[in-house]
Amino acid sequence: MGSRASFPLVPISSDRVFIVTGANTGIGYEIAKWCAMMGATVILACRSEDRARKAMETMQEEFKTEKSKGTKGLTENLNLAIEFMKLDLASFQSVVEFCEEFKKSGRLLHVLFCNAGLGSGPHIKQSGDGLEMMMQVNYLSHFIIIAKFQSIMRQSGPDCRIILMSSKAHKFVKFDVTIMNYTGTAEKFSGLDYYGRSKLYQIMQTLAMSRRLKDTNITINCMHPGVVETECFRKLDSCILNCHIEFSRRCGTLRTPLEGATTGIDLATNPKRTGVSGHYWIDCEIVMSTTTSRYEGKQETLWKATFPFIEQYLTETDIADLERE
Ligand SMILES: NC(=O)c1ccc[n+]([C@@H]2O[C@H](COP(=O)([O-])OP(=O)(O)OC[C@H]3O[C@@H](n4cnc5c(N)ncnc54)[C@H](OP(=O)(O)O)[C@@H]3O)[C@@H](O)[C@H]2O)c1
């Protein structure tokens, strides 16, 4: 039994530009495909061009199959408006180049879906920038992208949306910004703990940003997709998590990527979500995240603690845009 939630198929103009990070597989693939099938122009921001182009071919085929089934509400266009852009979230340089390339194109941006994410097993992985990998890929790099696209989104007209893919894993971790970047011994590192931390930061960022975006044309929300059978788990070597997944599989609660994507597609496209901001969603419903994540003082502590890691990649204008209320 997967998710019982569903999303309406609504017509979307191809003038509306969506970016989905990590859209070549898993949940992001389904989000990108269904948003494009409703008519949006969707940019797949991925680290591997090869994997992204293969995914785009499959999307076009699946679109044709869906049309041949007579599914109502799909775009009238013959092909999906999907594009690839290179983005490696494990490299701040790549993140900056991605943002600059998009800015140079002069395009508007209506939906930014920060989906890409990484889990890890018990072994610490460090990025080329010298930071714990999950904090950088899941949280910091997306933070930079959100900062750099603020001005474009503010000028992109009504109903612009930012969505962050978080996780229920945020519930099982402590908030302590002094150890944001893991500096302990390799033996003591817990991949699950640091995964959960990165997902907690994403919720706290959503809530902190929503205050700053109040009364603007941009909303920001975050979500948990459920336990979804994707490549995310195939790459893990965590015994506890693998048991949890096997248990979910046997109980029939493991979700397909489309079931996991449903809330995200709904948040990105459903007209009912216009103007709704600053919430954590599961199964297309607003749910309370943990007390810690909702504590404004801690969100602002995290906000301040985040800058030393990324400020060298932000311009003064980026920072001013972020802080603009
Ligand atoms: N699956 C679940 O049960 C579950 C539960 C809660 C939350 N989530 C979250 O859902 C999101 C999507 O995960 P998924 O389950 O669909 O996993 P997935 O199948 O492994 O997809 C993850 C995507 O992120 C991309 N990615 C990883 N590292 C990247 C990097 N350095 N730069 C750019 N892209 C990168 C991957 O690209 P490559 O193909 O190149 O690796 C892939 O496209 C993640 O944020 C995950 O934390 C998943």
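The values are calculated or read from the model by the stated rules, or taken from the named source; none is laboratory data. Just so it is clear, the structure is predicted and the values come from calculations on it, not from any experiment. Here Cβ is always computed from backbone atoms with ideal geometry, including for glycine, and neighbour counts include all displayed protein chains. SASA here: full protein model, heavy atoms, side chains in, ligands and nucleic acids out. Shrake-Rupley method; radii C 1.70, N 1.55, O 1.52, S 1.80 Å.
Yes or no: Trp303 in contact with a strand residue (DSSP E or B) (Cβ under 8 Å, 6 or more places away or on another chain), among the aromatic types (Phe, Trp, Tyr), buried (at least 16 other Cβ atoms within 10 Å of the Cβ) and on the phi < 0 side of the Ramachandran plot?
no
Could you check, for the range 257-266, whether at least one of its residues is touching a residue at least 40 places away in the same chain (Cβ under 8 Å) and more than 15 Å from the ligand (Cβ to nearest atom)?
yes
Can you tell me how many residues in the range 16-42 are away from the ligand (no atom under 16 Å from the Cβ), touching a residue at least 60 places away in the same chain (Cβ under 8 Å) and not β-branched (Val, Ile, Thr)?
3
Scan the range 155-170 and tell me whether some residue there is part of a helix (DSSP H, G or I) and crowded, with 24+ Cβ neighbours inside 10 Å.
Yes, the range 155-170 has at least one match.
Quick check on Leu89: is it within 10 Å of the ligand (Cβ to nearest atom), of a type outside the set (S, T, N, Q) and not in a helix (DSSP H, G or I)?
yes
Can you name the residue in the range 128-154 that is among the hydroxyl-bearing types (Ser, Thr, Tyr) and open to solvent by less than 10 Å² (accessible area, probe 1.4 Å) and is also nearest to Thr290 (Cα to Cα) among such residues?
Tyr139
Do you know which of the residues in the range 78-93 that are in contact with a Ser or Thr (Cβ under 9 Å, 6 or more places away or on another chain) and over 27 Å from Gln60 (Cβ atoms) is least open to solvent (accessible area, probe 1.4 Å)?
Phe92
Of all the residues that make up the range 280-300, how many are under 24 Å from Ala40 (Cα atoms) and open to solvent by 60 Å² or more (accessible area, probe 1.4 Å)?
Of the residues in that region, 1 qualify.
Would a scan of the range 304-319 turn up a residue that is closer than 16 Å to Phe113 by Cα and either touching a Gly at 6+ places or on another chain (Cβ under 6 Å) or assigned to a helix (DSSP H, G or I) (or both)?
Checked the range 304-319: no residue is closer than 16 Å to Phe113 by Cα and either touching a Gly at 6+ places or on another chain (Cβ under 6 Å) or assigned to a helix (DSSP H, G or I) (or both).
So which helices (runs of 4 or more DSSP H) are wholly in the range 174-267 and hold at least 3 residues that are surrounded by fewer than 18 Cβ atoms within 10 Å (Cβ to Cβ) and not basic (Lys, Arg)?
239-251
Considering only the range 18-62, how many residues are open to solvent by 10 Å² or more (accessible area, probe 1.4 Å) and either of a type outside the set (Ser, Thr, Tyr) or modelled with pLDDT under 95 (or both)?
18
Mind listing whichever residues of the range 125-146 are in a helix (DSSP H, G or I) and touching a Ser or Thr at 6+ places or on another chain (Cβ under 9 Å)?
If the condition is that a residue be in a helix (DSSP H, G or I) and touching a Ser or Thr at 6+ places or on another chain (Cβ under 9 Å), then Met133, Met134, Met135, Gln136, Val137, Asn138, Tyr139, Leu140, Ser141, His142, Phe143, Ile145 are the ones that fit.
Across the range 94-122, which residue is nearest to Ile218 (Cα to Cα) among those that are more than 16 Å from the ligand (Cβ to nearest atom), open to solvent by 20 Å² or more (accessible area, probe 1.4 Å) and in a loop (DSSP other than H, G, I, E, B)?
The qualifying residue nearest to Ile218 (Cα to Cα) is Leu108.
Among (1) open to solvent by 50 Å² or more (accessible area, probe 1.4 Å); (2) under 22 Å from Asp266 (Cα atoms); (3) of a type outside the set (D, E, K, R); (4) free of Cβ contacts under 8 Å to residues at least 40 places away in the same chain, where does Gly70 come up short?
Condition not satisfied by Gly70: (1).
Is there any pair with a first residue in the range 43-56 that is assigned to a helix (DSSP H, G or I) and a second that is among the charged types (D, E, K, R) and surrounded by 24 or more Cβ atoms within 10 Å (Cβ to Cβ) whose Cβ atoms are under 9 Å apart and which are 6 or more apart or on different chains, and what are they?
Final answer for the pair search is Ala55/Lys33.
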